[in-house]
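Student: Dropping the structure in here first, questions after.
The values are calculated or read from the model by the stated rules, or taken from the named source; none is laboratory data. In this text the structure is predicted, and so the values were computed from the model without any measurement. Quick reminder, even Gly has a Cβ in these numbers, built from the backbone with ideal geometry, and neighbours come from all protein chains shown.
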Amino acid sequence: MDRYKKTKNIAVLGIVANLFLSVIKLIVGITSNSQSMLADGFNSVGDVFSSLMTYIGNKISSKPKDSFHPYGHGKSEYIFSMLIGLSLIIIAINIMGRSINAYLNNTHLIYSKWLIIVGIVTIVIKAILFVYTKYVGKKYNNILVIANSEDHRNDVILTSGTLISILLSELNIFWFDSLVGIIIAAWIMYTGAKLFKIAYYVLMDTGIDFSLNQKITDIVLEIDGIDHIDDITAKPTGYKFLVVIKVSVDGNMTVNESHKIAGIVRSSINGIENVQDTIVHINPC
């Protein structure tokens, strides 16, 4: 349960922080007519939605298995990650349109010290959130938290670009502001598409990667009585897998002996961190 509590805390922290940042960015962006700051503000609005989806997805995925969901609700993490990805793409399209329009119309921003202050505050807050969420995401292998950490990292980079465009405006280089808005939009779109792709593959029941397959193979072939492995397949149940393995044993074994080996195989594979359960099928060699 510690995994879900940590994710819940990160989601709540993200909602509060991004809500605060989105308000001050949009206010300062509108008053100064800065397209890069407005783009940054809309990006923070999207971050609020992302954190909210993280909270809801985590709450659902933490539910225990039941008669309708025998392997739990783990896939909800990926459903909500896909929604986050789609929302980022939609926000990116909106930002891209506004920035291109500002560039074509040669819109100039109005320099303000508040643009600098908001930019620095954003970078500090997001850098702290990035370090914390990256640690938790890797520790618990949680795609929702990892998505949030990548988003916080992106915000540090993008807001740095916003600060540069603001400083260049003092030299009457206004076109860079619109360019940064376009770059921010492209980056958000890439992040959203990447997140959508990861979630899509899991929801489409993509199998285990080579390293996990090899780990299972090495463990099983060390078990006494196993002649060879016929097949290994897996179905994702969220961040974990349901493994189905077919192994061959001596055809002259009794049913009890072969089932004893099957039990050892199952318990051995279930000991792997990201395996939820294992189904073992015994074939005669």
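Student: Out of curiosity, is Phe196 at pLDDT below 75 and of a type in the set (Phe, Trp, Tyr)?
Tutor: No.
Student: Here's a follow-up. Where the second residue is assigned to a helix (DSSP H, G or I) and the first is at positive phi and lies in the stretch 246-274, which pairs have Cβ atoms under 9 Å and are six or more apart or on separate chains?
Tutor: Between residues of the stretch 246-274 that are at positive phi and residues that are assigned to a helix (DSSP H, G or I), there is no close pair.
Student: Just give me the residues in the stretch 23-42 being of a type in the set (A, V, I, L, M) and either under 19 Å from Ala185 (Cβ atoms) or more than 25 Å from the chain's Cα centre (by Cα) (or both), in sequence order.
Tutor: Ile24, Leu26, Ile27, Val28, Ile30, Met37, Leu38, Ala39
Student: Report, by residue number, each residue of the stretch 54-103 that is at pLDDT 80 or above and farther than 30 Å from Met204 by Cβ.
Tutor: The answer is Gly97, Ile100.
Student: Just the residues that are modelled with pLDDT of 90 or more and surrounded by fewer than 13 Cβ atoms within 10 Å (Cβ to Cβ), please, taken from the stretch 202-222.
Tutor: Gln214, Asp218, Leu221, Glu222
Student: Here's a follow-up. For Gly192, indicate whether it is closer than 29 Å to Asp47 by Cα, of a type in the set (Gly, Ala, Ser) and either touching a Cys at 6+ places or on another chain (Cβ under 7 Å) or not assigned by TED's automatic domain parsing to the domain that holds Met82 (or both).
Tutor: Answer is no for this residue.
Student: So which pairs qualify, if the first residue must be in the stretch 200-214 and within 16 Å of Val244 (Cα to Cα), the second must be of a type in the set (A, V, I, L, M, F, W, C), the Cβ gap must be under 7 Å, and the two must be at least 6 apart or on different chains?
Tutor: Short answer, once both residue conditions are applied: Gly207/Ala234; Ile208/Ala234; Ile208/Phe241; Asn213/Ile232.
Student: If I filter the stretch 251-273 down to residues being surrounded by 13 or more Cβ atoms within 10 Å (Cβ to Cβ) and in a loop (DSSP other than H, G, I, E, B), which single residue comes out as nearest to the chain's Cα centre (by Cα)?
Tutor: For the stretch 251-273, the residue satisfying everything is Ile272.
Student: Could you tell me whether Val124 is assigned by TED's automatic domain parsing to the domain that holds Thr7, without any contact (Cβ under 8 Å) to a residue 40 or more places away in the chain, surrounded by 15 or more Cβ atoms within 10 Å (Cβ to Cβ) and closer than 22 Å to Val16 by Cβ?
Tutor: Judged against the criteria, Val124 is not a match.
Student: Can you name the number of the only condition in (1) surrounded by 15 or more Cβ atoms within 10 Å (Cβ to Cβ); (2) without any contact (Cβ under 8 Å) to a residue 40 or more places away in the chain that Tyr71 fails?
Tutor: (2)
Student: Considering each of Ala199, Ala186 in turn, give the residue that is exposed (fewer than 15 other Cβ atoms within 10 Å of the Cβ), under 30 Å from the mean Cα position of the chain (by Cα), assigned to a helix (DSSP H, G or I) and in the same structural domain as Ile146 (by TED's automatic domain parsing).
Tutor: Ala186
Student: Which condition from (1) touching a Phe, Trp or Tyr at 6+ places or on another chain (Cβ under 9 Å); (2) farther than 24 Å from Phe130 by Cβ is the one that Ile24 breaks?
Tutor: (2)
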